[in-house]
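Beneath this line is the structure, given in C-alpha coordinates, with notes to follow.
The values are calculated or read from the model by the stated rules, or taken from the named source; none is laboratory data. Just so it is clear, the model here is predicted, and its values are computed rather than measured. Positions of Cβ are backbone-derived with ideal geometry, glycine not excepted, and every protein chain shown enters the neighbour counts.
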Amino acid sequence: MGPPLQEIIRWFKTMTTNEYIQEVKSGRFPPFEKRIWQRSFYDHVIRDDDDLGRIREYIQNNPLQWALDEENPAYRVVP
(Lines give C-alpha, C1' and ligand atoms only; values in the text may rest on other atoms or scores of the structure.)
Protein backbone atom coordinates (compact mmCIF):
# COMPACT_ATOMS: atom_id res chain seq x y z
CA MET A 1 0.00 0.00 0.00
CA GLY A 2 1.25 3.48 -0.82
CA PRO A 3 1.28 6.65 1.25
CA PRO A 4 -2.03 8.02 2.56
CA LEU A 5 -3.87 10.49 0.33
CA GLN A 6 -3.26 13.40 2.71
CA GLU A 7 0.51 12.87 2.44
CA ILE A 8 0.31 12.87 -1.36
CA ILE A 9 -1.76 16.06 -1.33
CA ARG A 10 0.61 17.72 1.17
CA TRP A 11 3.64 16.79 -0.98
CA PHE A 12 1.94 18.10 -4.15
CA LYS A 13 0.99 21.40 -2.51
CA THR A 14 4.49 21.85 -1.06
CA MET A 15 6.27 21.11 -4.32
CA THR A 16 4.02 23.30 -6.48
CA THR A 17 4.18 26.17 -3.96
CA ASN A 18 7.98 26.00 -3.87
CA GLU A 19 8.10 26.01 -7.67
CA TYR A 20 5.73 28.98 -7.83
CA ILE A 21 7.85 30.93 -5.32
CA GLN A 22 10.95 30.30 -7.45
CA GLU A 23 9.10 31.53 -10.55
CA VAL A 24 7.97 34.67 -8.67
CA LYS A 25 11.54 35.36 -7.53
CA SER A 26 12.79 35.00 -11.10
CA GLY A 27 10.10 37.40 -12.35
CA ARG A 28 8.33 34.85 -14.54
CA PHE A 29 5.15 34.69 -12.39
CA PRO A 30 3.31 37.48 -10.60
CA PRO A 31 3.45 37.45 -6.80
CA PHE A 32 0.46 36.22 -4.86
CA GLU A 33 -1.16 38.03 -1.96
CA LYS A 34 -2.71 35.24 0.06
CA ARG A 35 -2.31 31.49 -0.31
CA ILE A 36 -1.90 29.45 -3.44
CA TRP A 37 -3.77 26.48 -2.01
CA GLN A 38 -6.71 26.23 0.34
CA ARG A 39 -5.87 24.77 3.74
CA SER A 40 -7.59 21.43 3.35
CA PHE A 41 -9.24 19.26 0.76
CA TYR A 42 -12.55 17.46 0.52
CA ASP A 43 -12.55 13.73 -0.02
CA HIS A 44 -15.62 11.64 -0.67
CA VAL A 45 -16.26 7.95 -1.29
CA ILE A 46 -18.35 7.46 -4.44
CA ARG A 47 -21.19 5.19 -3.37
CA ASP A 48 -23.22 4.56 -6.52
CA ASP A 49 -23.84 5.65 -10.13
CA ASP A 50 -26.05 8.58 -9.05
CA ASP A 51 -23.29 9.84 -6.76
CA LEU A 52 -20.76 9.49 -9.57
CA GLY A 53 -23.06 11.44 -11.90
CA ARG A 54 -23.38 14.31 -9.40
CA ILE A 55 -19.62 14.46 -8.93
CA ARG A 56 -18.99 14.44 -12.69
CA GLU A 57 -21.51 17.26 -13.11
CA TYR A 58 -19.82 19.26 -10.34
CA ILE A 59 -16.38 18.80 -11.92
CA GLN A 60 -17.69 19.83 -15.32
CA ASN A 61 -19.66 22.86 -14.12
CA ASN A 62 -17.47 24.12 -11.27
CA PRO A 63 -15.00 26.08 -13.46
CA LEU A 64 -17.97 28.11 -14.72
CA GLN A 65 -18.38 29.43 -11.15
CA TRP A 66 -14.84 30.88 -11.06
CA ALA A 67 -16.01 34.32 -12.20
CA LEU A 68 -18.24 34.45 -9.09
CA ASP A 69 -15.64 33.13 -6.64
CA GLU A 70 -14.30 35.59 -4.06
CA GLU A 71 -10.88 33.91 -4.35
CA ASN A 72 -10.70 34.91 -8.03
CA PRO A 73 -8.39 37.95 -8.32
CA ALA A 74 -10.71 39.36 -11.03
CA TYR A 75 -13.81 38.99 -8.79
CA ARG A 76 -15.50 42.32 -8.13
CA VAL A 77 -18.32 43.01 -5.71
CA VAL A 78 -20.84 45.28 -7.38
CA PRO A 79 -22.47 47.65 -4.85
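Observations
- Residue within region 12-29 that is in contact with a helix residue (DSSP H, G or I) (Cβ under 8 Å, 6 or more places away or on another chain), within 18 Å of Asn72 (Cα to Cα) and surrounded by 10 or more Cβ atoms within 10 Å (Cβ to Cβ) present: yes
- Cβ-Cβ under 7 Å pairs, at least 6 apart or on other chains, region 59-71 side within 21 Å of Glu33 (Cα to Cα) and without any contact (Cβ under 8 Å) to a residue 40 or more places away in the chain, far side surrounded by 10 or more Cβ atoms within 10 Å (Cβ to Cβ) and not hydroxyl-bearing (Ser, Thr, Tyr): Trp66/Asn72
- Exactly one residue among Phe41, Phe32 is part of a loop (DSSP other than H, G, I, E, B), aromatic (Phe, Trp, Tyr), in contact with a helix residue (DSSP H, G or I) (Cβ under 7 Å, 6 or more places away or on another chain) and surrounded by 10 or more Cβ atoms within 10 Å (Cβ to Cβ), and that residue is Phe41.
- Residue among Gly53, Gly2 that alone is more than 15 Å from the chain's Cα centre (by Cα), at negative phi and modelled with pLDDT of 95 or more: Gly53
- Filter result (more than 23 Å from Arg10 (Cα to Cα) and basic (Lys, Arg)) within region 26-79: Arg28, Arg47, Arg54, Arg56, Arg76
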